[in-house]
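Undergrad: Handing you a structure now.
Laboratory data are not the source of any read-out in this text; all were calculated from the coordinates shown. The structure presented is a predicted model; accordingly, all values stated were derived computationally and were not measured. All Cβ positions, even for glycine, are placed from backbone atoms using ideal geometry, and neighbour counts span all protein chains on display.
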Amino acid sequence: MTPVILAITCLLGITLCYGGLCAVSPFGNCRKCRGWGHAMKTDRKGRAKRGKDCRRCDATGKRIRIGRHFYNTAARLHRDGTR
């Protein structure tokens with residue numbers, strides 16, 4: 001096999017796997033709060049305590065994946081264009 005065909009096959013495989021992940025699990029953990037929904041702070045004794053709510057995910061701890069966002073946008077555009 002030539003390296004070009006091998007590279008295309010690998011990229012196609014990665015794309016299909018990511019598409020499957022977006023179909024099965026459209027939401028992932030928020031990158032800012034790591035899925036907690038709030039920041040973790042420590043008090044003066046060094047014990048962990050809850051901080052402010054995360055503004056990026058609105059304290060849910062979840063975010064929509066980029067691939068699922070693209071799919072939703074394309075589906076909405078198709079639905080609006082065929083009405």
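Undergrad: Can you tell me the orientation of helix 66-81 relative to the chain, as the angle in degrees between its alpha-carbon axis and the longest Cα principal axis, to the nearest 10?
TA: Tilt of helix 66-81: around 60 degrees.
Undergrad: Cut-off 10 angstrom, C-alpha nodes, Gaussian network model of the chain. Which of Lys62, Lys32, Lys52 fluctuates the most?
TA: Result for the chain, Cα springs under 10 Å: Lys52 fluctuates most.
Undergrad: Treating only the Cβ of Lys, Arg, Asp and Glu as charged (+1, +1, -1, -1), what charge dipole size does the chain show about its Cα centre? Round to the nearest 20 debye.
TA: Roughly 780 debye, rounded to the nearest 20.
Undergrad: Right, next: Would you mind getting me the FRET efficiency between Thr15 and Arg83? Use the beta-carbon distance for r and R0 = 30 Å, nearest 0.05.
TA: 0.50
Undergrad: Go ahead and set up a Gaussian network model of the chain, Cα springs under 10 Å, then flag whichever of Cys17, Cys54, Cys33 fluctuates most.
TA: Sorting by GNM fluctuation, first place goes to Cys17.
Undergrad: What angle do you read, to the nearest 10 degrees and between 0 and 90, between the alpha-carbon axis of helix 3-24 and the longest principal axis of the chain?
TA: 50
Undergrad: Highest GNM mean-square fluctuation, the chain, Cα pairs closer than 10 Å: which of Thr60, Thr42, Thr73?
TA: Its mean-square fluctuation being the largest, the pick is Thr42.
Undergrad: Over the chain, how many percent of alpha carbon pairs lie in each 10 Å bin up to the one with the longest distance?
TA: Reading upward from the zero bin: 16, 25, 26, 19, 10, 4, 0.
Undergrad: As I understand it, the dipole of the chain uses +1 on the Cβ of Lys and Arg and -1 on the Cβ of Asp and Glu, about the Cα centre. Which of Gly28, Gly13, Ala75 lies farthest toward its positive end?
TA: Going by the charge dipole, the pick is Gly28.
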